[in-house]
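Q: Handing you a structure now.
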Amino acid sequence: MNELLRFPEEFLWGAATAAYQIEGAVREGGRTPSIWDTFSRTPGKVLGGDTGDVACDHFHRRREDVRLMAELGLGAYRFSVSWPRVQPTGRGPAAQQGLDFYRALVDELLAHGIQPLVTLYHWDLPQELETAPSDGSPAGGGWPERDTAYRFAEYAGIVAEAIGDRVERWATLNEPWCSAFLGYGSGVHAPGRTDPVAALRAAHHLNLAHGLGAQALRAALPARAQVGICLNPSPVRALTDAPEDLDARRRVDALANRVFTGPLLKGAYPADLLADTARLTDWSFVRPEDPAAIRQPLDFLGINYYTPAVVSAAPDGHRASARSPWPGADGVAFHRPPGELTAMDWSVAPSGLVDLLARYTAEAPGVPLLVTENGAAYEDVVDADGHVHDPDRIRYLHAHLSAVHEAIRAGADVRGYFLWSLLDNFEWAYGYSKRFGAVHVDYGTQRRTVKSSGRWYSGVARSGRLP
Ligand code: GBH
């Protein structure tokens, strides 16, 4: 079919990044280490021993990078603020130099007609908050501790006061599932703890941080400000229709999705989640006033989507290991979803995005949706002519944008799409080995080369149509 798929007039065409993945300059302007600085410097945690020390050197190349976005015709840019850059120890006074960086970034974006979407927390907790909980608990602090939610709300207020006059869209957290279950459950992300109860506590305190943070933002921002959150909901599919496989799906859906959307959208944790995890915790860390604090009105719901999950019941007696990112999901086996694989070994399955957009249209009626991340890693190389040809990524993006269009036609109120990522960058536990960018980065020279997918996406962004 040669027909062009047209998107709504006001649709936001953007790209996304995160502070620790691109900024570098980890010791400048009073910035202190985050949990990712500590984790990446711990041998064996990140592939190749890579760290974010330099990354894309975006902290020094801000102007060039904003010009690049303008050349690509982007209408929006989602970036995150580094907490330890603007509030070095996670409590107390702000670091003016840190705030100045983000103010200058926002000013340059606005001067180029690019709308900023600020994510307040994309995984770089000040190390101090992980190490030294205010109650002196020897187990450590961080997200398993309630105090971290209060600290986050204070930090949110600081950033809102500093740049709230010029930023309209705010996301409190990026993918709290990853912070809680990869950070404290499987330990493959910072801070690398492997304690299922800590992971569940972290999930709750992240929810609370969102709620308190949203209130702090609204108290400091003009009324037109839009406050939301970016989740990575997983379309969970059962391998077969057998009752035990459907039950495995229910349990994983609770731990992947409803542990967040329950309190965020309905004001309560799902009863089945509490029952499934009862052997681990009685959830008494949830105080009576918390559900109401968490259920703040959402001006948008951000959906990050890469790949679905396929689950079945596992053979008898199989218990989730202590290092599972799914505490309480005993007796579940994970399977590779059908579809081609990206360089991450993630299946390409655009139908998952259609499903998610339909699901949250139904579960969050009246709440506009944004696709705040979608994209793929491939083995990109700069050829002899200095070009990067990445037809696989063009196909991936085309298929997922078609999925967004299909969801809109079916009634989903999707207001924008942010490609992950603007630049190749520090891909967490995979270091620099995985490239998600629309723009290639040569880490030796910091040279940026727009990939063929970047040119293709630029055409889509400028025209508002999909070829
Ligand atoms: C996002 O995380 C991040 O927001 C972004 O910073 C990152 O660079 C980007 O995506 C690409 O990774 O195998 O059990 O972990 C996405 C993280 C990837 C988490 C898929 C869930 C599958 C389940 N998600 N993953 S598991």
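Q: Would you mind telling me the antiparallel percentage of the DSSP bridges in the chain, rounded to 5?
A: Approximately 25 percent, going by the DSSP bridge assignments.
Q: Calculate, for the chain, the solvent-accessible area per residue in square angstrom, rolling a 1.4 angstrom probe over the heavy atoms of the protein chains.
A: Here the per-residue accessible area is 37 Å².
Q: Please sort 375-382, 352-359 by packing, taking for each peptide the average over its residues of neighbouring beta carbons within 10 angstrom, highest first.
A: 352-359, 375-382
Q: If N is the number of residues in segment 5-466, what value comes out of its Cα radius of gyration divided by 2.2 N^0.38 Å?
A: 0.92
Q: Follow-up. Using modelled amide H (1.01 Å from N, peptide plane; none on Pro or chain starts), what sits under 5 Å from the amide H of Trp283, excluding residues fewer than 5 places away?
A: Amide H neighbours of Trp283: none.
Q: While we're looking at this one, here's another question. Taking the highest mean first, how do the peptides 331-337, 31-37 order by number of other beta carbon atoms within 10 angstrom per residue?
A: 31-37, 331-337
Q: Would you mind computing Rg(Cα) / (2.2 N^0.38 Å) for segment 285-418, counting N as its residues?
A: That works out to 1.34 for segment 285-418.
Q: Residues with beta-carbon under 13 Å from that of Glu340, excluding Glu340: net charge, scoring Lys, Arg +1 and Asp, Glu -1?
A: Spelling it out: positives minus negatives among the neighbours equals +1.
Q: Of Asp442, Asp245, which has the most accessible area and how do the rest follow, probe 1.4 Å?
A: Ranked from most to least accessible, the order is Asp442, Asp245.
Q: Against the 2.2 N^0.38 Å scaling, with N counting residues, where does segment 220-369 land? I'd like the Cα-based Rg ratio to two decimal places.
A: 1.14
Q: With the cut-off at 1.5 for a/c, could you classify segment 337-382 from its C-alpha gyration tensor as rounded, prolate or oblate?
A: oblate
Q: Can you run phi through the Karplus equation (6.51, -1.76, 1.60; θ = phi - 60°) for segment 304-314 and list ³J(HN,Hα) in whole Hz, with x for Gly and Pro?
A: Values, residue by residue: 9, 9, 10, 7, x, 10, 10, 10, 9, 6, 8 Hz.
Q: Continuing with the same structure: Heavy atoms of the protein only, probe of 1.4 Å, neighbouring chains included. What is the accessible area of His389 in Å², nearest 10?
A: 120
Q: Still on this model: Report Trp326's accessible area, 1.4 Å probe, all protein chains in place, as a number in Å² to the nearest 10.
A: Surface accessible to solvent at Trp326 totals approximately 30 Å².
Q: What are the ³J(HN,Hα) couplings of segment 7-24, residue after residue, when phi is run through the Karplus curve with 6.51, -1.76, 1.60 and θ = phi - 60°? Round to Hz, x for glycine and proline.
A: So the Karplus estimates, Gly and Pro as x, are 9, x, 3, 8, 4, 8, 10, x, 9, 10, 8, 9, 3, 5, 7, 10, 6, x Hz.
Q: I'd like the per residue volume of the convex hull spanned by the Cα atoms of segment 138-220, given in cubic angstrom.
A: Measuring per residue, one finds 85 Å³ for the Cα hull of segment 138-220.
Q: How large is the translational diffusion coefficient of segment 125-271 in µm² per second when you combine the Kirkwood radius over alpha carbon pairs with Stokes-Einstein at 10 °C and 1.306 mPa s?
A: After rounding, the answer is 97 µm²/s.
Q: Let me ask something additional. For segment 334-467, with all protein chains present and a 1.4 Å probe, just round the carbon and sulfur fraction of the accessible area to a whole percent.
A: With neighbouring chains kept in place, the figure for segment 334-467 is 53 percent.
Q: Let me ask something else about it. Per residue of segment 348-360, in order, report the coupling 6.51 cos²θ - 1.76 cosθ + 1.60 (Karplus, θ = phi - 60°) as ³J(HN,Hα) in whole Hz, putting x for Gly and Pro.
A: With coefficients 6.51, -1.76 and 1.60, one gets 7, 9, x, 4, x, 6, 4, 4, 5, 5, 5, 4, 7 Hz.
Q: What's the extension gain from His112 to Asp385 if we count 0.36 nm per residue and subtract their Cα-Cα distance?
A: Here the segment from His112 to Asp385 would lengthen by 95.3 nm.
Q: Right, another one. Can you give me the long-range amide H partners of Ala94? Hydrogens built in the peptide plane at 1.01 Å from N, cutoff under 5 Å, separation of 5 or more residues or another chain.
A: Residues meeting the criterion, in which the H sits 1.01 Å from N, do not exist here.
Q: In terms of modelled amide H atoms, which long-range or inter-chain residues lie less than 5 Å from the amide H of Gly416?
A: Counting only residues 5 or more places away or on other chains, the set is Leu12, Val371.
The values are calculated or read from the model by the stated rules, or taken from the named source; none is laboratory data. The model shown is predicted, which means the values in this text are computed figures rather than measured ones. Quick reminder, even Gly has a Cβ in these numbers, built from the backbone with ideal geometry, and neighbours come from all protein chains shown. Note: accessible area is taken over every heavy atom of the protein model, side chains too, but ligands, DNA and RNA are not part of it. Shrake-Rupley method; radii C 1.70, N 1.55, O 1.52, S 1.80 Å.
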